[in-house]
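Inspection log for the structure reproduced underneath, given as structure tokens.
The values are calculated or read from the model by the stated rules, or taken from the named source; none is laboratory data. Keep in mind that this is a model prediction, so the values were computed, not measured. Cβ placement follows ideal geometry from the backbone for every residue including glycine, while neighbour counts extend to all protein chains displayed.
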Amino acid sequence: MSSLLLNVIVSAQNDSLPIIDIRKKITENSSLVIDFAGRTLFNPANKYKLYDYRMTDVKIGAEYEHQDEALVVQKGDGYVDAYLDINTYIPLKDYSFWGGVKYKNGERKNVRFNETSDYSLLYPYLMGDTIGGDMKYEVYYFSGGYAQKRGLWTWGAEADLRALQEYRGVDPRPKNTSTTLNISLGAALQLPFDYNLAFSLRGRKYKQTNELSFYNELGKPNVYHYTGLDTDYARFRGSNDQTHYKGHLFGADISFLPIDKSGFSANLSYDYFTFEKIIKNLNELPMAKASDRDVKAELVYLNSSHPTLSRGVKIDIQLLNRRGTENIFGDPANNNYQQIMTIDMYEHQVTNLSLSGFLEKKESNGIFWSLMPTLTYLDMEESYVNPKKTILYKHLVGTLSAGLNHSFGKFYLKTGIYIKYTHALDSKIDLGSQDFKNFLAPEIVHNYMIASKDNTQIGINPQIGYKLKNNYLIYLGAEWHYGRYTDNINACCSIVNIGAYF
Amino acid sequence: MIELLIPSNPLTARFKADGYSKLVSAGKGFAVKGKDMVVNVDGGFLFSKKDPRNNLENYKRVNLSTRLTWNWERENWSLYWAPNLDYTGTIDDVKKDTDINYGAIDEYRSTYNMLRQTNTLRMTFPKIDFIKSLELNTSIQAQFDKLEQTKLVAPQRFILVPTGTEAGEHDASLLFSEYIADYLCDGKPFNSFVKLKGNFRLNLLNVKNDILAGGEWNYTKNFGRGQAFRLCS
């Protein structure tokens, strides 16, 4: 487990350059022009002079979410946490560097049928039981990157480390420790017509130890090792409660983008992630494995040549395929299980197509506003081979976001609002024969019923700041998100934070 | 002999966290105007958990410390005085674990408080060749430890319970069924010492002789009751 040591000594900025109002820096750094072509930022070399101004943001905050019923049972029906978040970006003459630190401490509520952390990464090969409960968690996150330009070449490197610990103080008692290390290296070559051709490579190492204990001497429930939809590995059901996961990712991307952020840009990326689930009690038995193939492509047109008006349009495609493989074992000899077969049993296919645009304008009275509409087509299909089970749904999602920045006196207001409507085009669930009692089926059906139906989400995030003498800005921010799902299920999330920009 | 002035420490704050402990501490020094005196204060809070799932093996600790240094410089003598006052204590409540407390009977509570006061008094005489320095060190430390436990005991067969504390024949009680035991361990260790030492120099026939002489007195006693337990039905 990594440790976070933070000595807080506040010192004033000491630039020899003319001092630019901190509010102007915030407005420029939060412009949609910067990360509209977001996929090109996978390459750390493309973060060279990403922002024109140096800025550090330090904030502490608290979050609370409540769902009337869990949208995904395995993730729980809400959470509450407090966090510290620090980010900095420093552009200098020939190089830029950036970094961040985040610490979060909280609790997820009513997590059921899942005692494994990082559900979205490790599905469907989770460990769980029929009891569940609230899960406390702590997250430590560190990141840093560097980019430098020499002649026509720009190169960059970036790394981040996330350490997560989750646990529960009543039976069943999981203790999960996961570590994710990401590293990426990139380069960009300046071409004659003010364009950069950039390419990058990235890697990830992932580990999680997932151990379950029961302190009560009166007995304990069965521990299940899920294998997809409402199936589990029945042979190892029982008291095998010590597992661990290890995975790695390799990825690459190529992008073509204008130096002055005005014009066409394109990005194509490919990632291959695989992980293995190992049951420690059974002599490090490799129970199952999953592999992701993720292809993303993006084509963007940006026009930011006008001093007060910027606009852009983007087409974004993602194709994600996850295949799950189960290992079959013979009779054990001295607790040694001989692997006799491997079968591909699980598949999850996601297709995501989106068309988005944005318009950003600075008015003569200093108000800076933006609009961003997005239309997305989502196709999700999940299947299990034997017994045959299928879940699929197709959605059309429309989103409209708007933003506003304005300075008045010593104050600064930044706010955003959005509305998102998801319309279900098609959905199907087939869990096959129900001749045998399957405890997980109702929860799978519950998750499907919510995910496959229409829903509406809205949100607002105002932030009010006050500029201090030494070009610091202290602020108070809030966020509120609300979602309305099928059967009048509501989900509400509130966040408050205080912080400073300097 | 020149005594270097100890500067006051700037404000420092520290936060350390990992999966097993959290520590927050802050400290600052103050220089007293008009006097050659510096006061340093600091405090901290530590929350330590051996296993985050285990509600019984953890503790929360607070520590506070005040340190003063005071110098007097006169023509014939100089005096350095450095008293310290330290406090360390735990602030745990009763510890329970609902899965192993047999119907909310088992409870465990441990408290620890330690108070310590030390002094260093050093005197030098620049005009007296024989005496290089005289130093007095004193320390008093009092600790208050209490461990209280209530436990449900379910013996597998009947057990004998002694009723006397001296050797010899006594009647005994028999316990046939489960019982609740209260346990108390009360410790109040007390330590103190006084040390006086002198550093002298004697010049004899062009030979410099350094003499170190002194004495020390120690007192240690535990004023607590020790282990005290009783049965109750």
*Filtering segment B:48-83 down to residues that are assigned to a strand (DSSP E or B) and within 14 Å of chain A (Cβ to nearest Cβ), which residue is nearest to B:LEU147 (Cα to Cα)?*
B:ASN58
_Selected residue (only one of B:ALA104, B:ALA31, B:ALA13 is of a type outside the set (Lys, Arg), more than 14 Å from chain A (Cβ to nearest Cβ) and more than 20 Å from the chain's Cα centre (by Cα))_ = B:ALA31
*Determine which member of the set A:LYS389, A:LYS428, A:LYS420 is crowded, with 16+ Cβ neighbours inside 10 Å and free of Cβ contacts under 8 Å to residues at least 40 places away in the same chain.*
A:LYS420
_Top-ranked residue in segment A:121-147 [being closer than 23 Å to A:ALA62 by Cβ and not hydrophobic (A, V, I, L, M, F, W, C); ranked as farthest from the other protein chains (Cβ to nearest Cβ)]_ = A:SER143
*asked:* Based on this model, can you work out whether A:LYS175 counts as part of a loop (DSSP other than H, G, I, E, B) and free of Cβ contacts under 8 Å to residues at least 40 places away in the same chain?
replied: no
*All but one of (1) small (Gly, Ala, Ser); (2) modelled with pLDDT under 90; (3) within 24 Å of A:VAL73 (Cα to Cα) hold for A:ALA424, so report the exception by its number.*
(2)
*Any residue at all in segment B:140-152 that is among the aliphatic types (A, V, I, L, M) and buried (at least 16 other Cβ atoms within 10 Å of the Cβ)?*
no
*Mind telling me which of the residues A:GLU363, A:GLU326 ends up being of a type in the set (Asp, Glu) and over 30 Å from A:TYR448 (Cα atoms)?*
A:GLU363
_Given the criteria outside any strand (DSSP E or B) and touching a residue at least 60 places away in the same chain (Cβ under 8 Å), does B:PRO126 qualify?_
yes
*Looking only at segment B:142-191, which residues are among the small types (Gly, Ala, Ser) and part of a loop (DSSP other than H, G, I, E, B)?*
B:ALA154, B:GLY164, B:ALA167, B:GLY168, B:SER177
_Count - residues of segment A:461-486 that are touching a residue at least 40 places away in the same chain (Cβ under 8 Å), over 17 Å from A:PHE408 (Cβ atoms) and exposed (fewer than 15 other Cβ atoms within 10 Å of the Cβ)_ = 1
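This table checks each residue for (1) part of a helix (DSSP H, G or I); (2) surrounded by fewer than 16 Cβ atoms within 10 Å (Cβ to Cβ); (3) hydrophobic (A, V, I, L, M, F, W, C).
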{"position": "A:GLU28", "(1), (2), (3)": "yes, no, no"}
{"position": "A:ILE34", "(1), (2), (3)": "yes, no, yes"}
{"position": "A:ARG39", "(1), (2), (3)": "yes, no, no"}
{"position": "A:GLY61", "(1), (2), (3)": "no, no, no"}
{"position": "A:HIS66", "(1), (2), (3)": "no, yes, no"}
{"position": "A:LEU84", "(1), (2), (3)": "no, no, yes"}
*Out of A:SER213, A:SER184, A:SER239, which single residue is within 14 Å of another protein chain (Cβ to nearest Cβ) and of a type in the set (Ser, Thr, Tyr)?*
A:SER213
*What pairs come up if the first residue lies in segment B:36-59 and is surrounded by fewer than 15 Cβ atoms within 10 Å (Cβ to Cβ), the second is at pLDDT below 90 and in a strand (DSSP E or B), and their beta carbons are under 6 Å apart, counting only those six or more places apart or on different chains?*
B:SER48/B:SER21; B:SER48/B:TYR59
*asked:* Every residue in segment A:188-210 that is buried (at least 19 other Cβ atoms within 10 Å of the Cβ) and more than 14 Å from every other protein chain (Cβ to nearest Cβ), please.
replied: A:ALA188, A:ASN196, A:ALA198, A:SER200, A:ARG202, A:TYR206
*Kindly indicate the residue of segment A:326-344 that is touching a Lys or Arg at 6+ places or on another chain (Cβ under 9 Å) and buried (at least 17 other Cβ atoms within 10 Å of the Cβ) and also farthest from A:LYS277 (Cα to Cα) among those meeting that condition.*
A:PHE329
*asked:* I need the full set of residues from segment A:472-489 which are in contact with a strand residue (DSSP E or B) (Cβ under 9 Å, 6 or more places away or on another chain) and not hydroxyl-bearing (Ser, Thr, Tyr), in order please.
replied: A:LEU473, A:ILE474, A:LEU476, A:GLY477, A:ALA478, A:GLU479, A:TRP480, A:HIS481, A:GLY483, A:ARG484, A:ILE489
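Matching residues to (1) within 30 Å of A:TYR195 (Cβ to Cβ); (2) more than 19 Å from the chain's Cα centre (by Cα); (3) at pLDDT below 85:
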residue	(1), (2), (3)
A:SER11	no, yes, yes
A:ASN14	no, yes, yes
A:ASN43	yes, no, no
A:GLN67	no, yes, no
A:ILE86	no, no, no
A:TRP98	yes, yes, no
*Determine whether B:SER65 is loosely packed, with under 15 Cβ neighbours inside 10 Å and not β-branched (Val, Ile, Thr).*
no
*Of the residues in segment A:216-233, how many are within 14 Å of chain B (Cβ to nearest Cβ) and of a type in the set (S, T, N, Q)?*
1
*asked:* Given the condition aromatic (Phe, Trp, Tyr) and closer than 26 Å to A:VAL350 by Cα, answer yes or no: does some residue in segment A:456-469 qualify?
replied: no
_Can you pull out every residue in segment A:313-338 that is in contact with a Gly (Cβ under 8 Å, 6 or more places away or on another chain) and farther than 30 Å from A:LEU404 by Cα?_
A:GLY324, A:TYR337, A:GLN338
*When you look at A:LEU161, is it within 26 Å of the chain's Cα centre (by Cα), surrounded by fewer than 19 Cβ atoms within 10 Å (Cβ to Cβ) and within 14 Å of chain B (Cβ to nearest Cβ), yes or no?*
yes
*Give the residues of segment B:34-47 that are acidic (Asp, Glu) and part of a loop (DSSP other than H, G, I, E, B), sorted by residue number.*
B:ASP36
*asked:* Between A:GLY106, A:GLY156, A:GLY169, which is in a strand (DSSP E or B) and farther than 30 Å from A:GLY228 by Cβ?
replied: A:GLY156
*asked:* Suppose the filter is closer than 30 Å to A:LEU257 by Cβ and surrounded by fewer than 16 Cβ atoms within 10 Å (Cβ to Cβ); does A:GLN349 pass it?
replied: yes
*asked:* Tally up the residues in segment B:71-88 that are crowded, with 16+ Cβ neighbours inside 10 Å and not aliphatic (A, V, I, L, M), please.
replied: 6
*Given the conditions (1) surrounded by fewer than 18 Cβ atoms within 10 Å (Cβ to Cβ); (2) touching a residue at least 12 places away in the same chain (Cβ under 8 Å), report the number of the one that A:LEU218 does not fulfil.*
(2)
*asked:* Step by step: first the residues of segment A:436-486, then only those that are in contact with an Asp or Glu (Cβ under 7 Å, 6 or more places away or on another chain) and of a type in the set (A, V, I, L, M, F, W, C), then the one that is farthest from A:LEU396 (Cα to Cα). Which residue is that?
replied: A:LEU440
